[in-house]
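Participant: Before we start, here is the structure in question, set down as structure tokens.
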Amino acid sequence: MKWTKHSIPDQTGRIALITGSNSGLGFESAKALLDKGATVIMGCRSLQKAQTAKELLLQSTNAGSIDLIHIDLADLSSIHKASEELKAKYGRLNLLINNAGVMAPPLTRSNQGLELQFAVNHLGHMALTINLLPILEKERASRVVTVTSGAQFMGQISWGDLQSEKSYNRWGAYSQSKLANVMFALELDARLRQSESDSSSLLAHPGLARTNLQSTSVSSNKSWQEAIAYQLMGPLFQSAKMGSLPQLYAATSIKAKGGQQYGPNFNFRGFPKLCRSAPSALNKKKRKMLWELSEALIEKFK
Ligand SMILES: NC(=O)c1ccc[n+]([C@@H]2O[C@H](COP(=O)([O-])OP(=O)(O)OC[C@H]3O[C@@H](n4cnc5c(N)ncnc54)[C@H](OP(=O)(O)O)[C@@H]3O)[C@@H](O)[C@H]2O)c1
């Protein structure tokens, strides 16, 4: 039987934070979890967009409840502030979906001067997760789901130029950040196992899903060539709803376990299935190196 959003177990009483949930996959995940009775906290960088998304969600369901919180993942101080607010307001968390992302913009720096994709896709989510671990670990079998991409397989960590100070390749930096997502999530799960924690860390990738990711990338680069390429690729894309299923499976299925990655059946489209992580993410020494380097950056800008 195919796993759909109707397969999600009852979420009543559970609290889920989803980053970037005003749009695309995050929005669809918010909708599916709400339908099952969860309290969904939408962590978004624009409260105005989040409010519009909330109104849309409220039109489609009476179940669950929605809260909004401002989180700009390109700014470590915003992440720390949001984490403190969440700890004070809720004191517990069952699920964190590290979903927000930015793809292949021209060279841009975060508030702390870091390369934007490294900062938003990887470091910001790592900082958020570490800050929220105390309230995640208060709940039985809580999960952190980090959203990566097929780009993880092309990714290389540019150890000598992590922040693209010497040269910048926008697709190389995207792939680096999506490989970093996998290395982070696997390392987190290993550390949770080592400390005998009941929480776990999983991964999901959506395949190819029609969201704002492509149009935002095209407009930030003013690239008519990529606009045409995405149009030609149209039939390959699945809907945002289908693309959200792997993260929903990783977040809620009783069969999903820490350290696993879920993606679409045929890699770029289809219903969720267990899939493998990029071989470059399996090197424990390099994972530890990236963790320590990232941790030092988070500490430096605290
Ligand atoms: N769609 C695909 O085919 C595909 C394929 C592989 C992987 N993914 C991954 O799926 C995830 C979700 O993307 P999507 O496809 O749903 O794209 P999307 O519709 O563009 O959604 C991305 C979300 O991330 C938010 N975001 C961007 N920068 C942020 C920041 N600095 N702080 C907080 N939030 C920020 C966006 O907010 P704004 O609305 O304010 O910009 C938006 O809510 C990403 O991690 C992406 O890498 C997608």
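Participant: State which residue is farthest from P272 (Cα to Cα) when the search covers only segment 13-33 and only residues that are within 13 Å of the ligand (Cβ to nearest atom) and open to solvent by 10 Å² or more (accessible area, probe 1.4 Å).
Facilitator: N22
Participant: Now a separate question. Kindly indicate the residue of segment 140-176 that is open to solvent by 20 Å² or more (accessible area, probe 1.4 Å) and hydrophobic (A, V, I, L, M, F, W, C) and also farthest from the ligand (Cβ to nearest atom) among those meeting that condition.
Facilitator: Among residues in segment 140-176 that are open to solvent by 20 Å² or more (accessible area, probe 1.4 Å) and hydrophobic (A, V, I, L, M, F, W, C), the one farthest from the ligand (Cβ to nearest atom) is A141.
Participant: Identify the residue in segment 197-224 that is open to solvent by 60 Å² or more (accessible area, probe 1.4 Å) and in a helix (DSSP H, G or I) and, among all such residues, is nearest to the ligand (Cβ to nearest atom).
Facilitator: This residue is N212.
Participant: On to the next question. I need the full set of residues from segment 235-257 which are under 18 Å from G150 (Cβ atoms) and in a helix (DSSP H, G or I), in order please. Full working, then the answer.
Facilitator: First, pick out the residues of segment 235-257 that are under 18 Å from G150 (Cβ atoms): 235-240, 242-247, 249-250.
Across segment 235-257, the qualifying residues are P235, L236, A240, M242, G243, S244, L245, P246, Q247, Y249, A250.
Participant: Starting from segment 73-99, take each residue that is part of a strand (DSSP E or B) and list its partners that are among the basic types (K, R) and away from the ligand (no atom under 15 Å from the Cβ), counting only C-beta distances under 6 angstrom and pairs at least six apart or across chains.
Facilitator: As it stands, the answer is L95/R143, since those pairs meet every condition given.
Participant: Which numbered condition trips up I130, out of (1) outside any helix (DSSP H, G or I); (2) open to solvent by 10 Å² or more (accessible area, probe 1.4 Å); (3) among the β-branched types (V, I, T)?
Facilitator: That leaves (1) as the condition not met.
Participant: Going through segment 259-276 one residue at a time, which ones are among the small types (G, A, S) and open to solvent by less than 20 Å² (accessible area, probe 1.4 Å)? Reasoning before the result, please.
Facilitator: Of all residues in segment 259-276, those among the small types (G, A, S) come to 259, 263, 270.
Once the filter is applied, which keeps residues that are among the small types (G, A, S) and open to solvent by less than 20 Å² (accessible area, probe 1.4 Å), segment 259-276 yields G263, G270.
Participant: Which of the following residues is over 17 Å from M42 (Cβ atoms), away from the ligand (no atom under 12 Å from the Cβ) and in contact with a strand residue (DSSP E or B) (Cβ under 9 Å, 6 or more places away or on another chain): L58, L136, L132, L86?
Facilitator: Just a single option satisfies the conditions, and that option is L136.
Participant: Within the bounds of segment 184-191, is there any residue that is open to solvent by 60 Å² or more (accessible area, probe 1.4 Å), within 12 Å of the ligand (Cβ to nearest atom) and over 16 Å from the mean Cα position of the chain (by Cα)? Full working, then the answer.
Facilitator: Of the residues in segment 184-191, the ones open to solvent by 60 Å² or more (accessible area, probe 1.4 Å) are 191.
Now restrict to residues that are within 12 Å of the ligand (Cβ to nearest atom): none.
No, that holds for no residue.
Yes/no matrix, rows are residues, columns are (1) within 10 Å of the ligand (Cβ to nearest atom); (2) open to solvent by 60 Å² or more (accessible area, probe 1.4 Å):
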{"residue": "D35", "(1), (2)": "no, yes"}
{"residue": "N62", "(1), (2)": "no, yes"}
{"residue": "L68", "(1), (2)": "no, no"}
{"residue": "A74", "(1), (2)": "yes, no"}
{"residue": "R92", "(1), (2)": "no, yes"}
{"residue": "L96", "(1), (2)": "no, no"}
{"residue": "L107", "(1), (2)": "no, yes"}
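The values are calculated or read from the model by the stated rules, or taken from the named source; none is laboratory data. Only a predicted model underlies this, so the values are computations on that prediction, with no experimental measurement involved. Neighbour counts run over all protein chains shown; Cβ positions are idealised from the backbone, glycine included. The area values use the complete protein model at the heavy-atom level, side chains included, leaving out ligands, DNA and RNA. Shrake-Rupley method; radii C 1.70, N 1.55, O 1.52, S 1.80 Å.
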